[in-house]
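The values are calculated or read from the model by the stated rules, or taken from the named source; none is laboratory data. On a predicted model such as this, the values are computed, not experimentally measured, just so you know. Here Cβ is always computed from backbone atoms with ideal geometry, including for glycine, and neighbour counts include all displayed protein chains. Calculation scope for accessible area: heavy atoms of the full protein, side chains included, ligands and nucleic acids excluded. Shrake-Rupley method; radii C 1.70, N 1.55, O 1.52, S 1.80 Å.
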Amino acid sequence: MNFFKSALILVALTFGVNQAVAVDELVYNWGPADTVAHHSVGPGMTYAKIVFPSKPLILWWVEVDLKNEYAKIEQAQSRHSVPDPLRWDVMTHYRENCRPGHQVKVAWNHDFFSYAESVCIGMNVSEGEVTWTPYGRSLLSVTDNGSAEVFCADLDSHITTPDNTVVGIDYYNAFNGGLYGDCILYNRFNSKQLVEDGKYISLVPMDPWIINGDAIRCRVEEISDKPIQTSADLYVLYLRNAKLNALDGHLSSGDIVTISQSFREPKWGVAPERILNAFHGYPSIVHDGKLHDGEYNNFENGREYEKSSRVMVGISQDKTKLYVTTTEMSGSSVGVDCIELAAWMVEKGAWDIVNFDSGGSAAIVIDEEMLNVPGRGSVRPVQDAMLAVSTAPEDGTVDHITFSRPYISPSIVSRTPLRVMSFNQYDEPICSYLEGCIFKCDPPELGFVDNDGIFHASSVETTGHIIAEKDGKTAMMTVCTRPLEGIKAVRNSIFIDNHRQVVIELEGVNNGLTQRVDPGAFNWTCEPEGIVEIDSDGVVRGIAN
């Protein structure tokens, strides 16, 4: 029990989080944690991979400092041409949105896709533009000055003509097979060929799009009773039914109109000023540090307790940090429900938490590689993604080096592979596996690091540091070796021939917990000689009868 408590404290110290929030309903019990990676992936972006062996559970945790001038969170839709209904997987979202001065560092799915309507459920905002519906049960928003909020979304959007005639915009774009509303604004996310009868007004935006900010000026290009198709920079306001003639006599080609986008007073939460990107939460799980009554327990007849792979996102109490947690459900990791994952996130500092899509969609991608095993065994295309983007200038000069994790706690007489990484001045990785480092253990009783970068813990329980040095730059890792008692072979006899090989399986006891021991940490002899041979990894091969 003492080790379990220590492990939890260690993880908390590793992340530098606030004290845990005591909420009776928010509980999890996963056993001790092993942080196998914890390092920067970009400016203000910290990544960690954490394993709970006794569960077993694997999760990926990313923290983004929204106040970092080079860190940006974006909502990305699956289309870069208009119209185009193509859906991408998350690796493609990552790749297609990378360009000089705009490098995606991490990508996650958001989705919550409606097959019937071919759109994402609820309101979403990409660079100030609404993708479809103007409302939703909860919205995780990020402003252009780096702050976040979660609130109940209800957008008031309207167009104003030069003579101050005002017409409300009911929806943006359209869903598969039909239309909602009598005034629809088709923007750069339109995936529909426009063919319906009605009034078409083509617009060219003159200002950047924003919500809860200044109105956006648009120039009227054409007014027609025949369909006008959108393009990447040509938007179309479509009027029909009760609003078909709402702008007759109030508008001419060449006029400058304004489009206002502002939230009505939310039922709960606070709608901030100048929202640039936002993601529909389905539903809100935690609000103000506790389970959100009426949201978390109103999730499709109990889906909050469904065991699955997940992506869940939270923000800090001061609204400046974004936390994204991803899990997988595989042979190596069990599924978790929304409540226990939210409990873990609250303990790490999350104050408001929303649920993104789960199951086969759940994905985290770094360097175009999907890190988790997809819930259905294959990578699923998704409608949209959340991107953590670096806007830092390109820089290939090494500024500093670090270990891939700041702390390890191996048992005595064990071997642990080490990884050193190099970074530029913006905390962007340059080399993820830095070679040619010189290692030193302090104190020497800690053990030694061999030429392959593997740390060999001594037989003495102690605490110290491993220092790596290359080209005048140094990195330091804290090491605390743990005692191990009762080391023994799992099997006391083996039967092999000269065609097979067997790894000697060892186990020992640490604080009452039985764990596997690395046979490669020991020196082996054979009696009598000439019957078997044992290599440095503890692998036995038969050589004679």
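Of all residues in segment 495-516, those satisfying the criterion of being open to solvent by 80 Å² or more (accessible area, probe 1.4 Å) and assigned to a loop (DSSP other than H, G, I, E, B) are PHE495, ASN498, HIS499, ARG500, ASN511. Taken over segment 215-253, the criterion of being outside any strand (DSSP E or B), in contact with a strand residue (DSSP E or B) (Cβ under 8 Å, 6 or more places away or on another chain) and surrounded by 13 or more Cβ atoms within 10 Å (Cβ to Cβ) is satisfied by ALA215, PRO227, ILE228, GLN229, THR230, LEU234, ARG240, LYS243, LEU244, ALA246, LEU247, LEU251. Of everything in segment 360-387 that's over 15 Å from the mean Cα position of the chain (by Cα) and polar (S, T, N, Q), which residue is modelled with the lowest pLDDT? My answer is SER378. Contact map, segment 460-471: first residue over 20 Å from ARG419 (Cα atoms), second residue surrounded by 16 or more Cβ atoms within 10 Å (Cβ to Cβ), Cβ cut-off under 7 Å, separation 6 or more or different chains; pairs are VAL460/ILE412; GLU461/ILE412; GLU461/THR481; GLU461/ARG482; THR462/LEU446; THR462/THR481.
In segment 450-483, of all residues being β-branched (Val, Ile, Thr) and touching a Cys at 6+ places or on another chain (Cβ under 7 Å), the one that is least open to solvent (accessible area, probe 1.4 Å) corresponds to ILE466. Residues in segment 29-56 that are aliphatic (A, V, I, L, M) and open to solvent by less than 30 Å² (accessible area, probe 1.4 Å): ALA33, ALA37, VAL41, MET45, ALA48, ILE50. Residues in segment 197-210 that are surrounded by 13 or more Cβ atoms within 10 Å (Cβ to Cβ) and in contact (Cβ under 8 Å) with a residue 40 or more places away in the chain: GLY198, LYS199, ILE201, LEU203, PRO208, TRP209, ILE210.
Could you tell me whether any residue of segment 272-282 is more than 30 Å from PHE151 (Cα to Cα) and among the aliphatic types (A, V, I, L, M)? Within segment 272-282, not a single residue is more than 30 Å from PHE151 (Cα to Cα) and among the aliphatic types (A, V, I, L, M). Return the total of residues in segment 169-186 being open to solvent by less than 30 Å² (accessible area, probe 1.4 Å) and modelled with pLDDT under 95. So the count comes out to 4. Which members of segment 380-400 meet the condition of being in contact with a Lys or Arg (Cβ under 8 Å, 6 or more places away or on another chain) and open to solvent by 10 Å² or more (accessible area, probe 1.4 Å)? Within segment 380-400, PRO381, THR391, VAL398, HIS400 meet the criteria. Every condition in (1) in contact with a Ser or Thr (Cβ under 7 Å, 6 or more places away or on another chain); (2) under 19 Å from MET312 (Cα atoms); (3) surrounded by fewer than 20 Cβ atoms within 10 Å (Cβ to Cβ); (4) not aromatic (Phe, Trp, Tyr) holds for LEU59 except the one numbered (3).
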